[in-house]
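Comments concern the structure below.
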Amino acid sequence: MPASSVTVVTAIRLGWAVAEVRGRHWPRGPRTRSTPMPLQPRDVLPLRSQRVGSASRQEALASLISLASIVELDDGGAFGVELTDILGALDSRGTASTETVWPEVAAFFLRWDARFQDVLVTRSEALANGYLLGRGLAECFWGLGPETEWTIDGAVSAVSPAFLLGADRRRELSRMLGRLEPGTTHELTPAAVAGSLEAWGVVVADTAWSHDPHLPDVLYEQVRRWYQLIVLAQDPTTLIRPYARLANPTNLVKAARMFWPQIVLALVSVALVAAFFTVVGGEGSAGPTPVWLSSLLATGGFGAFAAAGLLAKGQSAAQRLVTRLRQDAYTDLVAVSVTTVPSPPVPEGGGQRRRGIGRRLVEAAVRRRLLTTPTTPPPG
């Protein structure tokens with residue numbers, strides 16, 4: 001494939017593959033749990049999630065070499081040859097000896113990553129952005145080290161969740177999501193992924209929450225969802241559960257604040273019209289009602305209705321805000337649906353309360369995302 005025809009999605013895949021191959025071969029890197037296969041018979045064909053670790057490593061390696069060739073960053077095949085040799089030397093060593101070889105492997109990835117970035121940025125900012133986005137999102141899991149190394153000498157290390165999903169990296173990843181050209185993914189995907197990043201920011205900022213023993217497994221599931229949405233272009237609305245809704249009525253409160261003049265006028269008009277019909281209907285028992293009173297009530301009531309309608313029609317900006325509120329609310333729902341985080345720590349026996357707290361925290365976090373969905377139609 002000529003370099004000029006390489007797509008942003010291919011660049012994202014390349015960045016993702018770099019992070020995954022590096023993480024899978026790092027002796028202290030994270031390990032995924034494969035679904036165990038029955039012992040009998042022995043020749044059953046596994047799904048991808050059922051493959052053993054060695055097979056998954058080979059699959060990731062072959063994908064990386066192929067992608068580097070497609071994007072024409074392999075220097076005539078030198079990348080694949082050198083990578084295969086150095087990883088072969090790593091795999092041939094014993095468990096204890098791999099620690100001595102790993103610095104060479106890490107230096108290899110650092111050197112070629114710099115080359116990939118330098119070449120891609122000369123071709124297209126969009127390709128360079130895609131490469132770093134894919135690598136950055138994948139590193140949220142594949143760059144995760146053992147819990148004993150999350151803090152070194154009292155400082156947060158580069159292999160900890162607090163760094164990989166910290167404020168600086170979340171902000172940069174959100175910027176890269178916002179730079180994706182329209183049509184690269186579903187229009188809701190960038191904002192939804194940015195929202196899930198913010199939810200993870202809440203998790204890693206809480207010491208007890210981030211040390212949940214299930215965090216690596218849940219984070220791996222989250223990274224897989226990001227891959228489905230960004231690389232495989234899955235429609236994020238398919239992840240919304242039937243009858244799902246937001247628990248927090250934030251958008252209803254916002255709408256009430258924006259349209260309080262119309263709401264007040266509507267309530268006044270209803271009260272006046274109701275009073276008019278009450279007065280007219282009660283004339284027989286209390287004597288004749290003054291004409292001026294019934295006229296005032298009728299005119300005031302229907303006049304308030306008209307004023308409320310004209311005010312609503314005249315505020316085109318407010319109408320656009322209604323569209324924005326509706327889209328933001330739906331994006332919040334999508335972002336919450338694509339987010340997977342461990343349950344927050346609560347006292348024993350509070351299972352239902354725990355789920356409720358977690359959902360409210362996630363909803364509040366996704367609303368702090370740095371991206372939103374484009375308004376359709378755009379403001380005139």
(request) Could you work out the relative contact order of the range 98-197, using alpha carbon pairs under 8 angstrom and six or more residues apart, expressed as a whole percent? (result) 21
(message) Quick check: residue separation of Ser54 and Arg224 times 0.36 nm, minus the Cα distance between them. What number comes out in nm?
(response) 59.3 nm
(request) List the relative contact order of the range 1-158 as a percent without decimals, with contacts defined as Cα pairs under 8 Å and 6+ residues apart. (result) 45
(message) Over the range 84-153, with the other protein chains present, what is the accessible area per residue in square angstrom, probe 1.4 angstrom?
(response) 47
(request) Along Cα→Cβ, 7 Å out, is where each label goes; now give me the distance between the ones at Arg93 and Ala107 in nm to one decimal. (result) 1.2
(message) Quick check on the range 1-108: take the gyration tensor over C-alpha atoms, sort the square-rooted eigenvalues as a ≥ b ≥ c, and tell me if it's rounded (a/c under 1.5), prolate or oblate.
(response) oblate
(request) State, to one decimal in nm², a quarter of the convex hull surface area for the C-alpha atoms of the range 70-170, i.e. the direction-averaged projected area. (result) 8.0
(request) Starting at the first residue of the range 187-201, write each ³J(HN,Hα) from the Karplus equation 6.51 cos²θ - 1.76 cosθ + 1.60 with θ = phi - 60°, in whole Hz, x for Gly and Pro. (result) 4, 7, 5, x, 5, 5, 5, 4, x, 5, 4, 5, 5, 5, x
(message) Just to verify a number: what accessible area does Arg115 come out at with the full protein assembly present, 1.4 Å probe, Å² rounded to tens?
(response) 90
(message) Taking 0.36 nm per residue of sequence separation and subtracting the Cα-Cα distance, how much length would be gained by fully extending the chain between Thr122 and Tyr330, in nm to one decimal?
(response) 71.1 nm
(message) Keeping all protein chains in place and using 1.4 angstrom, which order do Asp206, Asp91 fall into by accessible surface area, from largest down?
(response) Asp91, Asp206
(message) Can you compute the FRET efficiency between Thr375 and Arg175 using 1/(1 + (r/R0)^6), with r the Cβ-Cβ distance and R0 = 22 Å? Round to the nearest 0.05.
(response) 0.65
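For an R0 of 51 angstrom, estimate the FRET efficiency from the Cβ-Cβ distance between Ile357 and Arg115 and round to the nearest 0.05.
With a Förster radius of 51 Å, E is 0.65.
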(request) Report Leu110's accessible area, 1.4 Å probe, all protein chains in place, as a number in Å² to the nearest 10. (result) 130
(request) Quick one: go through the range 326-340 and flag any residue whose amide nitrogen is under 20 Å from the point 7 Å out along the Cα-to-Cβ line of Leu232. (result) 334-340
(request) Obtain the nm distance between the two label points defined at Ser66 and Asp206 by a simple spin-label model: each point lies 7 Å from its Cα along the Cα-to-C-beta direction. (result) 4.1
(message) Taking the full set of protein chains and a 1.4 angstrom probe, give the accessible area of Thr331 in square angstrom, rounded to the nearest 10.
(response) 0
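The values are calculated or read from the model by the stated rules, or taken from the named source; none is laboratory data. Note that the structure is a prediction, hence the values are computed from the model and not measured. We place every Cβ from the backbone using ideal geometry, glycine too, and count neighbours over all the protein chains shown. Areas reflect the complete protein model, heavy atoms only, side chains present, ligands, DNA and RNA absent. Shrake-Rupley method; radii C 1.70, N 1.55, O 1.52, S 1.80 Å.
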